[in-house]
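Written below as structure tokens is the structure these notes are about.
The numbers here are math on the coordinates, done by the rules we state, and not lab data. Only a predicted model underlies this, so the values are computations on that prediction, with no experimental measurement involved. When we count neighbours, we look across all protein chains shown, and the Cβ atoms used for this are built from the backbone with ideal geometry, even at glycine.
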Amino acid sequence: MSNPAKTRVTINVNGKDMSAEVEPRTLLIHFLRENLNLTGPHIGCETTHCGACTVDLDGRSVKSCTLFAVQAEGSKVVTIEGMAAADGSLHPLQAAFAEHHGLQCGFCTPGMITRAYRLLQENPTPTDEEIRFGIAGNICRCTGYQNIVKAIRSAAQVMAGQPRKEAAE
Amino acid sequence: MIPGRFTYHRPNSVGEAVKLLADLGEEARPLAGGHSLIPMMKLRLAQPEHLVDLGRIGGLKGVRSEGADIVLGAMTTQAEILDSALLREKAPILQEAAQVIADPQVRYQGTIGGNVANGDPGNDMPGLMLCLDARYTLTGGKGNRQVAARDFYEAAFFTKLQPGEILTEIRFAAPTAGHGWAYEKLKRKIGDYAVAAAAVVLTMSGGKCSGASIALTNVAQTPLLAVDAAKALVDTAVDAGAIDAAAKAAIAISDPTTDTRGPVEYRRSVLGVMVRRAIARAKSRAR
Ligand SMILES: Cc1cc2nc3c(=O)[nH]c(=O)nc-3n(C[C@H](O)[C@H](O)[C@H](O)COP(=O)(O)OP(=O)(O)OC[C@H]3O[C@@H](n4cnc5c(N)ncnc54)[C@H](O)[C@@H]3O)c2cc1C
Ligand code: FES
Ligand code: FES
């Protein structure tokens with residue numbers, strides 16, 4: 001089998017053009033974690049099931065363990081590291097996950113929040129059922145999802161300008 | 001899990017892609033959404049030496065109507081199928097099926113062309129294409145040819161697609177206005193393939209079924225067109241007796257294997273349930 005040379009890929013990650021020499025078989029998750037040292041997106045199953053590796057790619061949620069970095073050449077990627085504002089203040093989703101105990105061990109959280117981010121871009125006022133359907137590709141082994149759904153519902157209300165209190169039951 | 005080594009190609013046109021595939025020979029494969037191929041490469045069930053990425057080719061995306069036909073570009077994603085106003089109006093069964101394929105992330109990335117070209121009996125869209133009597137446009141070095149979905153599938157992962165060819169378009173006649181439809185699938189969990197699934201399209205007029213088409217997913221090496229099951233409905237009021245006969249006819253042609261989804265007897269029995277439910281729901285939607 002041939003040993004194909006490395007190629008240079010340039011991907012806009014969290015607002016900055018980042019490039020590195022990679023093999024064509026380098027997965028996007030490895031480009032992010034190993035070349036860019038962005039260890040927010042996690043590697044869970046590596047089989048496209050758990051969603052821990054979810055990032056936003058050109059306005060879609062994708063599992064970065066199932067995409068070659070070369071496929072993302074020239075694209076815009078947002079990871080959990082890109083969610084907080086420049087001054088460090090948390091994104092409403094991050095704040096809501098903390099406030100409503102939307103995490104326990106935290107392993108699924110970066111994927112869960114980046115997925116929820118895109119869900120709320122597409123549907124700013126989801127029902128609980130729509131939230132559950134929307135995060136069906138993200139597995140959490142700790143929380144039982146109840147508080148994750150609550151956190152996303154709360155963040156949606158904050159983002160729509162309603163006071164945060166109403167979201168809590 | 002890291003896939004084996006390969007050389008990556010990113011053509012800008014169908015012509016360029018077809019030429020690359022022809023020049024590189026059997027060790028080259030098209031790459032669409034990658035959501036069947038990359039998992040298979042990680043497991044070394046596929047070890048292509050060259051990948052020809054169709055992702056940057058303009059004109060392979062989109063849903064449009066052309067006369068009485070609906071045309072789907074091969075690189076249209078499942079998420080785009082779900083968003084299509086044209087399909088919502090003319091062929092909502094595609095959306096009902098897309099909705100039960102995997103999860104949001106997989107649907108943003110997986111394409112309709114990859115789903116039907118893959119040849120995995122677990123894929124949901126091929127059964128639908130049999131039900132709708134779709135035709136696939138295959139583009140190769142010598143130009144285009146059309147193959148009916150009903151002739152396309154030969155065995156698990158074996159299809160009429162020749163090395164060097166790309167599936168560029170899917171087309172089917174829009175089902176009659178007022179038709180009833182349903183796609184019923186039993187899966188163990190989100191992200192699982194069907195234990196068994198059934199696609200039904202039927203038309204009712206004056207209280208009787210004037211036409212029906214039924215296809216089955218993941219109960220044989222290929223998707224199955226259930227001709228006798230559909231016949232059992234035509235010219236009946238689609239009452240309990242007719243539905244029963246259709247379910248029995250569907251089970252009779254099925255040939256599932258025992259796997260992690262259950263033993264043969266169970267999967268056949270589930271198939272019967274899927275067919276019954278799909279017919280009942282299609283009937284309730286017919287106008
Ligand atoms: C967790 C998970 C769950 C899933 N569950 C389901 C499910 O329930 N039902 C279901 O139907 N699918 C399911 N899938 C598969 C998914 O729908 C894939 O996206 C689809 O099977 C393949 O489409 P793709 O665009 O990803 O193609 P790829 O993976 O890129 O390609 C698949 C194969 O088709 C060939 N190919 C692709 N496009 C073309 C073309 N235009 N012309 C010629 N050859 C082509 C490739 O060379 C390759 O051999 C699941 C996938 C995952 C990861
Ligand atoms: S690591 Fe990508 S889906 Fe689990
Ligand atoms: S918080 Fe532990 S997996 Fe979700």
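The table that follows gives values for the structure above.
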{"quantity": "Index of the failed condition, A:ASN37 passing every other in (1) outside any loop (DSSP other than H, G, I, E, B); (2) away from ligand 1 (no atom under 16 Å from the Cβ); (3) of a type outside the set (Gly, Ala, Ser); (4) free of Cβ contacts under 8 Å to residues at least 40 places away in the same chain", "calculated": "(1)"}
{"quantity": "Options B:ALA79, B:ALA68, B:ALA97, B:ALA74: the member that is away from every other protein chain (no Cβ under 11 Å) and surrounded by fewer than 22 Cβ atoms within 10 Å (Cβ to Cβ)", "calculated": "B:ALA68"}
{"quantity": "Test: residue in region B:184-201 that is farther than 22 Å from B:GLY272 by Cα and in a helix (DSSP H, G or I)", "calculated": "no"}
{"quantity": "Failed item in (1) away from ligand 2 (no atom under 14 Å from the Cβ); (2) more than 12 Å from chain B (Cβ to nearest Cβ), with A:THR26 passing the rest", "calculated": "(2)"}
{"quantity": "Criterion (within 11 Å of another protein chain (Cβ to nearest Cβ) and within 16 Å of ligand 2 (Cβ to nearest atom)) met by exactly one of B:ARG107, B:ARG56", "calculated": "B:ARG107"}
{"quantity": "Flag for B:LEU31 being under 24 Å from the mean Cα position of the chain (by Cα), within 14 Å of chain A (Cβ to nearest Cβ) and buried (at least 17 other Cβ atoms within 10 Å of the Cβ)", "calculated": "yes"}
{"quantity": "Cβ pairs under 8 Å, 6+ apart, first in region B:14-33 and closer than 15 Å to B:ALA46 by Cα, second assigned to a helix (DSSP H, G or I) and not hydrophobic (A, V, I, L, M, F, W, C)", "calculated": "B:LEU31/A:GLN71; B:ALA32/B:GLY113; B:ALA32/B:GLY114"}
{"quantity": "Hits in region A:135-153 (condition: crowded, with 22+ Cβ neighbours inside 10 Å and within 14 Å of chain B (Cβ to nearest Cβ))", "calculated": "A:ILE135, A:GLY137, A:ASN138, A:CYS140, A:ILE152"}
{"quantity": "Residue in region A:72-79 that is of a type in the set (Lys, Arg) and within 14 Å of another protein chain (Cβ to nearest Cβ) present", "calculated": "no"}
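Residue-wise test of (1) touching a Gly at 6+ places or on another chain (Cβ under 7 Å); (2) aliphatic (A, V, I, L, M); (3) within 16 Å of B:ASP69 (Cβ to Cβ); (4) surrounded by 24 or more Cβ atoms within 10 Å (Cβ to Cβ).
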residue	(1), (2), (3), (4)
B:ASP120	no, no, no, no
B:GLY127	no, no, no, yes
B:LEU130	no, yes, no, yes
B:THR139	no, no, no, no
B:LYS142	no, no, no, no
